[in-house]
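Visitor: Pasting a structure below so you can have a look.
Every number in this text was worked out from the coordinates using simple rules, so none of it is lab data. Since we're looking at a predicted model, the values are computed, not measured. Every residue, glycine among them, receives a Cβ derived from its backbone with ideal geometry; neighbour counts consider all protein chains shown.
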Amino acid sequence: MILTLKLSISGARGIVGESLTPDVLESVLRAYANFVSKGKILLGRDTRPSGEAIKNFVAGYLMLTGFDVVDCGLLPTPTLALCVKHSEACGGIAITASHNPPEWNALKLFDSNGLYLPMEFWSGISEHGDKVEFADYEHVGKLARCEDCVEKHIEKVLGLPYVDVDAIRAREFFVAYDGVGGVAPKAVLELLSRFGARVVAVGTAMEGVFLHDQEPKPENLSQLSELVRIVGADIGFATDPDGDRLTLVDEKGVPLSEELTLVLAAWQFLENERSDIVVNLSTSTLLDWLSGKFGVRVHRAPVGEFWVSKKMLELGAKIGGEGNGGVIVLDVHPVRDSLTAVALVLSLLARTGKRLSEIVSSLPRMFMVKSKVNFSGDFKRVSDEIVNRFPHKTENFDDGVWLGLEHGFLHVRQSNTEPVVRIIAESTEESEAERIVFEAKKIVEKHSRS
């Protein structure tokens with residue numbers, strides 16, 4: 001059954017009762033119990049209806065194998081990761097399927113540093129999970145509860161030197177917020193309150209009913225866009241169900257590309273502190289423009305939050321993330337974090353005194369086009385033909401094939417969780433990005449066995 005799960009760096013995902021069953025949960029937990037050192041494990045979950053039952057199953061299993069468990073309740077994933085990092089915990093588990101539909105759930109596993117477990121764990125899960133020693137009655141783990149995790153997260157964000165709390169308060173921002181029915185409102189609304197912002201919000205009930213399609217993409221934010229226009233808000237924020245991604249709506253009610261969240265957050269960071277930037281290979285080259293503005297470098301990692309964080313730690317880069325609205329600041333912790341993103345974007349607006357639309361209009365215009373193709377074949381042949389077909393300045397083969405083009409990039413990669421090839425192109429002209437994707441798609445289809 002475990003083979004039917006979607007296994008990736010960020011965890012094990014499945015449909016509850018179909019691919020995510022008690023047997024599967026036990027297999028993953030057995031491997032985890034053998035992988036981490038004995039100690040204290042922190043648990044948190046999002047608002048999905050299955051979350052409480054899965055949390056209780058996870059807690060019971062870990063306690064029976066000798067781990068102490070701290071139940072943090074409803075909690076954003078980045079908040080859990082922060083509490084793991086800044087405590088004596090040996091690990092943490094977030095029970096969330098992020099942007100997947102409500103019938104899905106997942107286990108996201110963290111080590112003692114608040115980092116996702118390496119791919120070696122997932123690829124060798126059967127080796128780690130052959131058997132586990134259960135505790136005798138005197139050594140069964142203890143259960144405790146944590147009530148101050150959100151406060152710890154907020155205090156960490158407010159203490160960042162590049163978050164100007166006084167300037168934000170002086171602007172008296174009027175914010176529209178869409179929490180989609182996920183777990184992020186618990187922390188985001190408190191942070192906005194500490195900034196002195198007036199807030200009008202939807203999707204904050206945290207009762208497990210999602211307001212709309214869970215992924216914070218512009219096409220899913222029509223309600224937030226309308227809300228911004230109706231109430232005259234300065235900005236709109238949208239988070240995904242577990243609170244690690246943020247998308248913006250400007251004061252005119254225009255939803256912005258998720259790619260811009262990291263660009264704007266990094267802009268504010270770099271105005272205060274110089275650091276190289278780490279992004280994944282599918283992230284916009286607007287970050288290259290920004291790095292040139294501040295005299296720093298952009299480093300690209302394979303797709304996946306783990307790989308970005310890993311490279312940031314290796315290089316000592318303090319700012320990074322992914323173009324899906326994920327912002328990572330190492331001074332907080334090595335995971336994507338919507339709270340840190342909110343604080344950086346508001347600091348940018350407060351420092352410049354400009355409206356969001358003004359700042360965005362000052363950026364170079366880039367157009368990104370995405371597609372995917374069902375694929376079963378030799379990807380090396382695809383890669384070779386892509387390299388020969390498209391003139392390019394730089395190339396990278398860490399995750400499929402990535403070409404740095406004259407005015408953008410092309411990234412063609414195999415999915416880690418399904419039999420498809422994903423194609424992403426960016427250019428200064430939308431028609432050029434569409435042409436590149438069209439031609440790359442033909443190459444992929446040519447080498448796919450029907």
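Visitor: Post the alpha-carbon centroid distance, the stretch 124-191 to the stretch 39-92, in whole angstrom.
Guide: The two parts, judged by their Cα centres, are 11 Å apart.
Visitor: Next up: Dipole size in debye (nearest 20) for the chain around its Cα centre, Lys and Arg Cβ +1, Asp and Glu Cβ -1?
Guide: So the magnitude is around 540 debye.
Visitor: Let me ask another. Among ALA97, SER448, LEU43, flag the residue with its Cα farthest along the positive direction of the charge dipole of the chain, charges on Cβ as +1 for Lys/Arg and -1 for Asp/Glu.
Guide: Farthest along the dipole direction, towards plus: SER448.
Visitor: Residue-wise, which Karplus ³J(HN,Hα) couplings in Hz belong to the stretch 249-265, taking 6.51 cos²θ - 1.76 cosθ + 1.60, θ = phi - 60°, and x for glycine or proline?
Guide: These are the phi-based 3J(HN,Hα) values: 10, 6, 5, 8, x, 8, x, 9, 4, 4, 4, 6, 4, 5, 4, 5, 5 Hz.
Visitor: Quick one: putting +1 on the C-beta of Lys and Arg, -1 on the C-beta of Asp and Glu, what dipole do you get for the stretch 346-438 around its Cα centre, in Debye to the nearest 20?
Guide: The dipole magnitude comes to about 340 debye.
Visitor: Among ARG413, ARG169, ARG145, which one shows the highest mean-square fluctuation when the chain is modelled as a Gaussian network with alpha-carbon springs under 10 Å?
Guide: Among ARG413, ARG169, ARG145, the largest GNM mean-square fluctuation belongs to ARG145.
Visitor: Right, another one. Pairs LYS85/LYS217; LYS108/LYS370; LYS393/LYS442; LYS38/LYS152; LYS6/LYS372; LYS372/LYS442: which exceed 20 Å Cα-Cα?
Guide: LYS85/LYS217; LYS108/LYS370; LYS393/LYS442; LYS38/LYS152
Visitor: Let me ask something additional. Excluding SER50 itself, calculate the net charge of residues whose Cβ lies under 13 Å from the Cβ of SER50, where each Lys or Arg counts +1 and each Asp or Glu counts -1.
Guide: Residues near SER50 contribute 0 overall.
Visitor: Residue by residue through the stretch 418-435, what is 3J(HN,Hα) from phi via Karplus (6.51 cos²θ - 1.76 cosθ + 1.60, θ = phi - 60°)? Round to whole Hz and write x for glycine and proline.
Guide: With coefficients 6.51, -1.76 and 1.60, one gets 8, x, 9, 10, 9, 10, 10, 10, 10, 7, 6, 10, 4, 5, 5, 4, 5, 5 Hz.
Visitor: State the label only: which of [x] 0.97; [y] 1.03; [z] 1.07 corresponds to Rg/Rh (Cα atoms, Kirkwood Rh) computed from the shown model?
Guide: Recomputing Rg/Rh (Cα atoms, Kirkwood Rh) here picks out [x].
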